[in-house]
1. Restricting to region A:22-65, and then to whatever is within 24 Å of A:PRO168 (Cα to Cα), of a type in the set (S, T, N, Q) and assigned to a helix (DSSP H, G or I), can you tell me which residue is nearest to DNA strand B (Cβ to nearest atom)?
2. Restrict the check to region A:546-555 and report whether at least one residue is under 25 Å from A:ASN329 (Cβ atoms), hydroxyl-bearing (Ser, Thr, Tyr) and not in a loop (DSSP other than H, G, I, E, B).
3. Just the residues that are farther than 18 Å from A:ILE478 by Cβ and over 25 Å from the mean Cα position of the chain (by Cα), please, taken from region A:373-395.
4. State which residue pairs qualify: first residue at negative phi and modelled with pLDDT of 90 or more and inside region A:107-123, second residue surrounded by fewer than 19 Cβ atoms within 10 Å (Cβ to Cβ) and not in a helix (DSSP H, G or I) in any location, beta carbons under 6 Å apart, and separation of 6 or more residues or different chains.
5. Go through (1) more than 7 Å from DNA strand B (Cβ to nearest atom); (2) assigned to a helix (DSSP H, G or I); (3) within 28 Å of the chain's Cα centre (by Cα); (4) touching a residue at least 60 places away in the same chain (Cβ under 8 Å) and name the single condition A:MET1 misses.
6. Report whether or not A:GLU180 is exposed (fewer than 15 other Cβ atoms within 10 Å of the Cβ) and part of a helix (DSSP H, G or I).
7. Could you please find all residues in region A:504-526 being in a helix (DSSP H, G or I) and either of a type in the set (Phe, Trp, Tyr) or more than 30 Å from A:LYS142 (Cβ to Cβ) (or both)?
8. With (1) assigned to a loop (DSSP other than H, G, I, E, B); (2) within 14 Å of the chain's Cα centre (by Cα) as the list, and A:PHE135 as the residue in question, which single condition is left unmet?
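The values are calculated or read from the model by the stated rules, or taken from the named source; none is laboratory data. Remember, predicted model here, so these are calculated numbers, not experimental data. Here the Cβ positions follow ideal geometry from the backbone for every residue, glycine too, while neighbour counts run over all protein chains shown.
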Amino acid sequence: MENLEITTTLRELADLLEIQGANPFRIRAYRQAIQTLAGIGRPLADMVASGEDLTAIPTVGKDIAAAITELVETGRLQRLEDLSADIPRTLVALTRLEGVGPKKARRLWQELDVSTVEALESAARDGRLAALEGFGARSVEKILRSIELQRTSIGRFLLSEADTLIRPLIEHMRKAPGVERVDVAGSLRRRRETVGDVDLLALCESDWIPVMAHFTGFSGVDRVTLSGETRGAVVLRSGLPVDLRILPARSYGAALHYFTGSKEHNVAIRTLGVRQGLRISEYGVFRVDPDTDEDEHGVESGERIGGRTEEEVFEAVGLPWIPPVIRQNRGEVEAAREGRLPTLIELEDIRGDVHVHSTWSDGRRSIEEMARACMQKGYEYMAVTDHSQIMAMANGLTPERVRAQAREIDDLNGRLDGFRILKALEVDILRDGTLDMPDDVLEGLDLVIVSVHSLMDMSKKEMTERILKALLNPNVHILAHPTGRKLNRRPPYAVDVEVVLQAARELGVAVELNASPRRLDLSDVHVRRAAELGVPVVINTDAHAPQHLDNMGYGVDQARRGWLQRADVLNTRSLDEMTRWTSRRAA
DNA sequence: GCCGTTTTCGGCCCGACTGTTTTCAGTCG
């Protein structure tokens with residue numbers, strides 16, 4: 001059993017306990033353990049198998065260790081099954097809606113007999129919900145809006161989740177009889193921010209039947225939805241649907257291209273082929289024989305002129321290989337034809353992370369630990385950007401604590417060789433656009449990030465003005481997670497991104513591409529626009545623990561989807577260039 | 001439910017905001 005499955009199960013248990021009204025600290029204990037477990041790179045199943053003491057993991061005690069062991073060994077959790085006999089598990093889905101928490105979910109169930117999102121929607125529409133004490137017209141409206149959003153994003157997995165969930169199946173398929181290689185295609189290969197399913201390709205020149213049996217026989221399979229000779233489909237226990245196609249070498253590149261998509265990109269490529277008398281399909285590139293009747297076109301009729309590799313497919317239509325991340329039919333075919341494909345930024349180009357939290361606010365590790373983790377990545381610098389004081393829950397910094405933190409950073413900078421910690425803050429943009437920190441404090445910092453964490457329901461006009469006002473403060477360098485969205489959870493707040501980008505250009509402010517897989521904010525489209533406008537983009541992880549620094553790759557993927565090149569991204573610059581840029585605004 | 005002692009029970013981050021209230025519960029971060 002995967003770590004993600006274990007944490008997902010424990011999370012469901014915690015959610016149900018909360019709806020039940022259990023001791024809040026007990027629930028917190030579960031959540032803290034989930035948080036810790038989510039950051040553990042090693043498979044818990046291995047630790048169980050080798051008899052390691054799981055209670056050695058901080059926040060994991062006797063009971064949670066036993067739960068993990070039970071899950072690994074039996075695939076089930078008795079206490080969750082007992083609990084769900086009393087409380088419908090579907091209530092958990094209600095708490096995913098904005099404005100509905102455990103208490104309201106419980107009341108909806110007990111007082112309206114509503115236990116599913118569908119039933120809640122009916123109750124909202126026929127007036128029963130508004131009649132319930134504590135609910136009014138506005139909350140009904142908010143709930144309906146949230147249901148609508150959930151409906152459009154339902155069944156989609158975060159890119160990071162799909163990466164994790166598919167890995168064991170790929171390893172499994174690499175051991176299938178006669179399989180020479182296995183590749184990911186589809187939206188996962190294109191690194192889309194969320195994926196609905198995963199497409200796998202397997203290269204096999206021998207008998208395919210045992211390969212398909214190997215696939216459907218994988219231990220993580222919940223159900224098999226399709227099992228033919230060349231194509232199979234399963235749903236994993238995690239809910240992730242996976243398609244497999246088995247192909248011979250002569251078609252493999254064509255299939256990889258075809259199943260990588262996007263659909264729109266494929267249409268563009270096929271159209272190019274048609275003009276040159278070519279038929280391009282997942283089986284290969286074929287020269288159409290004009291003497292052959294239309295209905296005599298078998299899948300492999302005509303002269304095969306390519307298909308072993310993707311390069312052959314592109315070459316057949318006179319193009320260089322196009323990176324999967326930009327195969328969106330957003331100009332890449334034309335750019336390829338004209339020899340002006342971008343040289344996309346790479347993870348190795350990144351030289352620092354300038355949005356990192358520490359235990360001074362809501363981070364989980366000290367500044368030194370975070371800095372050492374950055375050094376291990378080969379970075380030259382890191383900015384500590386703890387929260388400002390209005391983020392009370394996050395233990396935000398007062399001006400006094402900012403000064404105290406500066407002394408700690410000075411000390412560390414004196415000790416860390418070849419690395420620099422920048423004194424910085426993530427300052428909240430208040431309702432009126434002023435900043436949650438006096439200017440004289442900001443003036444003493446190396447770097448100032450500003451962001452919105454409250455009052456996200458403002459009108460577009462108000463929110464845009466609020467952010468613009470914040471950017472006008474000459475101490476501000478970077479606008480973090482500019483739209484506030486959380487994938488599959490919360491829509492972006494209403495803000496005119498174009499106006500903000502224009503202002504950023506005028507004022508010399510950079511915009512962040514927040515690399516957290518849950519945010520990836522700005523979007524590919526908006527970062528591309530930023531680069532087009534000449535607004536520097538900075539890719540940051542917003543790390544609250546060392547392992548979050550690994551999310552940089554997700555930010556880079558997103559940047560690549562937005563066509564960004566190294567020069568477009570601020571934190572590809574050296575420390576000297578970076579400090580020159582940060583001191584420029586104040587000058 | 002976990003942790004750390006005060007060694008076996010008490011403490012565990014809490015302020016802002018919303019929508020509904022008329023004094024506050026619930027949600028969010």
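1. Per the stated criteria, the residue is A:THR36.
2. Within region A:546-555, one or more residues are under 25 Å from A:ASN329 (Cβ atoms), hydroxyl-bearing (Ser, Thr, Tyr) and not in a loop (DSSP other than H, G, I, E, B).
3. Result: A:GLN389, A:ILE390, A:ALA392, A:ASN395.
4. A:SER115/A:PRO88; A:SER115/A:THR90; A:THR116/A:THR90
5. (2) is the only condition that A:MET1 fails.
6. no
7. Residues satisfying the conditions are A:ALA504, A:ARG505, A:GLU506, A:LEU507.
8. (2)
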